[in-house]
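Undergrad: Starting off with a structure, shown below.
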Amino acid sequence: MRRADTASRRRDNRLAAALLLVVAAAPLPLGGNRPALWAAWTCLLALIACAYAVQLIASERELPVTAARFRLPGGLFLVLCAWLVIQVLPVAGWVGLGTMRAGDATLSTPSLSLTPGDTMLMLVRWLGYGLAFFLFAQAGRSRSRALVMMKALHAICLIYAALGLAMLILFGDTILGIEKWSYQGVATATFVNRNSFATFIAFGFAIGVALFASSLMPNEASESPARGRRLLYGVGLGLSLAALITSGSRMGLLTALVAGGVVLILAFAGRRPEARAPLVVLLVTTLAGVLLLVLFGGRLSERLSGIENDAEGRFDLYRQVWTMISHRPLAGYGGGSFEMVFQLFHLPPLSPDVIWNKAHSSYLTLAAELGLPAAIFIVASLVALGWRTMRSLNDPSISRRVPLAALGVMTVAALHSLVDFSLEIQANAYFFAAVLGLTFGYLEDRPTIRGDRR
């Protein structure tokens, strides 16, 4: 029995390592935001899943998190995938949506999706995210492994934060040696868009705050010397702040700070940290933030001064996107169709010289592409997982580090998605799916195993 358990742990450790490599590599090619990469990562995850299944069958072992435990999230995900398939089928005429008027234009389409190819590509992307969620849940069933993996995800974010600073300051403001074609003068690491990069770093900042806050609790300080861990986490938070400030992303910095505040409130609610530690942390973080703003915040300050004009233009965009939604509120225009379809609704005062390929709000994008019912369905599913995660904070049998980190990441995703499209970038979506899957596996009920409770 011990030999079988050892083999099982090694198998799941190999799965964890493979999955972390995928998440670490996904941002390298321009944030993974290219159609060929969407298919490539999904195929790679499918191969990892097949290899894992073969090992389970050969060892006559069942899944760590059984299929029955995925009944609800799996069912919801299959409904979403089925809806994307329905959108590309020639059924538009059956439901009275075979023609559509937009201004002076009249379009005829056999399918609900006006761009069926883009909808199929979206299905491929979502299948990859579903696989990532499922596989991370299997690896996260071991609570000790889940914590190690969450720390590894934090380390991945710090690596990209350092890479972004190095590329900006030491390597001539390039992307892996390639001259930038946009967003010059700000840190973007391997991402094209500064806000997408900032979301990735904000995820790491939220995890870092969760780990730091947990290290202040006496019952969480047994795995290694607390002072050494606090120092490492503090350096990581400073590095993340530097990357966020030099990215020039206003919302990236704001969501990171809000998420950090949420994590601290949840961490300390009803619990007593070690004496004076929170005050010291607050003071040091505040001073570090002020210093970083003085040294590197010139571009961010410029963008903050222009926030009123930017907001006016963004609200014009949102009004026109809502007009687009109101024409087909139930069926949507097809997954991935926004860039093409919005041109039919693009009117002044939005500049005719700008092609809006994103709605700059993932909530509006989902509503426009999939319809309001599907958008509400997706958001409600994520809220339900967030609520379950928050309730787990009251469970004295588990460490709060993983749930706190997950809630911080969810806060960043929820807030930044209000005004941007960061979760529509594959590297960020994989990271988000990884955290959600890891947390889902971590929270699964099971017999307590000695040495596995953390």
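One line per residue, one yes/no per condition, for (1) of a type outside the set (K, R); (2) under 26 Å from L19 (Cβ atoms); (3) touching a Leu at 6+ places or on another chain (Cβ under 6 Å):
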residue	(1), (2), (3)
S362	yes, yes, yes
A367	yes, no, no
L382	yes, yes, no
G386	yes, yes, no
L423	yes, yes, no
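Undergrad: Would you please name the residue that is modelled with the lowest pLDDT, looking only at residues in segment 1-48 that are under 22 Å from S144 (Cα atoms) and among the small types (G, A, S)?
TA: The extreme case among them is A4.
Undergrad: Does at least one position in segment 95-114 carry a residue that is in a helix (DSSP H, G or I) and touching a helix residue (DSSP H, G or I) at 6+ places or on another chain (Cβ under 6 Å)? Outline the logic, then answer.
TA: Taking segment 95-114 as the starting set, the residues that turn out to be in a helix (DSSP H, G or I) are 95.
Cutting the leftovers down to touching a helix residue (DSSP H, G or I) at 6+ places or on another chain (Cβ under 6 Å) gives us none.
No, every residue in segment 95-114 fails to be in a helix (DSSP H, G or I) and touching a helix residue (DSSP H, G or I) at 6+ places or on another chain (Cβ under 6 Å).
Undergrad: Continuing with this model, one more query. Somewhere in segment 435-449, is a residue under 22 Å from R34 (Cα atoms), modelled with pLDDT of 95 or more and hydroxyl-bearing (S, T, Y)? Quick ask: steps written out before the conclusion?
TA: First, pick out the residues of segment 435-449 that are under 22 Å from R34 (Cα atoms): none.
Scanning segment 435-449 turns up no residue that is under 22 Å from R34 (Cα atoms), modelled with pLDDT of 95 or more and hydroxyl-bearing (S, T, Y).
Undergrad: Something else: Every residue in segment 319-338 that is open to solvent by 20 Å² or more (accessible area, probe 1.4 Å) and closer than 16 Å to L107 by Cα, please.
TA: H327
Undergrad: Among (1) hydroxyl-bearing (S, T, Y); (2) exposed (fewer than 15 other Cβ atoms within 10 Å of the Cβ); (3) more than 28 Å from V379 (Cβ to Cβ), there is one condition S8 misses while meeting the rest; what is its number?
TA: Of everything listed in (1) hydroxyl-bearing (S, T, Y); (2) exposed (fewer than 15 other Cβ atoms within 10 Å of the Cβ); (3) more than 28 Å from V379 (Cβ to Cβ), S8 misses just condition (2).
Undergrad: A further question follows. Report those helices (runs of 4 or more DSSP H) wholly inside segment 350-454 carrying at least 1 residues which are open to solvent by 20 Å² or more (accessible area, probe 1.4 Å) and hydroxyl-bearing (S, T, Y).
TA: Details: elements: 362-370, 372-391, 401-419, 426-442.
Correct list: 362-370, 372-391, 401-419.
Undergrad: Inside segment 339-349, can you point out the residues that are more than 28 Å from the chain's Cα centre (by Cα) and open to solvent by less than 50 Å² (accessible area, probe 1.4 Å)?
TA: F345, H346
Undergrad: Let me ask something additional. Pick from V22, V79: which is touching a residue at least 12 places away in the same chain (Cβ under 8 Å), of a type in the set (V, I, T), farther than 19 Å from V435 by Cα and surrounded by 11 or more Cβ atoms within 10 Å (Cβ to Cβ)? Let's see the steps before the verdict.
TA: Values: V22 fails: farther than 19 Å from V435 by Cα.
Exactly one residue qualifies, and that residue is V79.
Undergrad: State all residues of segment 60-72 that are at pLDDT below 90 and open to solvent by less than 50 Å² (accessible area, probe 1.4 Å); if no residue qualifies, say none.
TA: T66
Undergrad: Of all the residues that make up segment 157-191, how many are within 21 Å of A25 (Cα to Cα), open to solvent by 60 Å² or more (accessible area, probe 1.4 Å) and within 25 Å of the chain's Cα centre (by Cα)?
TA: 2
Undergrad: Kindly provide the set of residues from segment 235-255 that are over 16 Å from V419 (Cβ atoms) and open to solvent by 30 Å² or more (accessible area, probe 1.4 Å), ordered by number.
TA: Of everything in segment 235-255, those that are over 16 Å from V419 (Cβ atoms) and open to solvent by 30 Å² or more (accessible area, probe 1.4 Å) turn out to be V235, L239.
The values are calculated or read from the model by the stated rules, or taken from the named source; none is laboratory data. All figures in this text were calculated on a predicted structure; none of them were measured in a lab. Here the Cβ is made from the backbone with ideal geometry for all residues, glycine too, and neighbour counts use every protein chain on show. The area values use the complete protein model at the heavy-atom level, side chains included, leaving out ligands, DNA and RNA. Shrake-Rupley method; radii C 1.70, N 1.55, O 1.52, S 1.80 Å.
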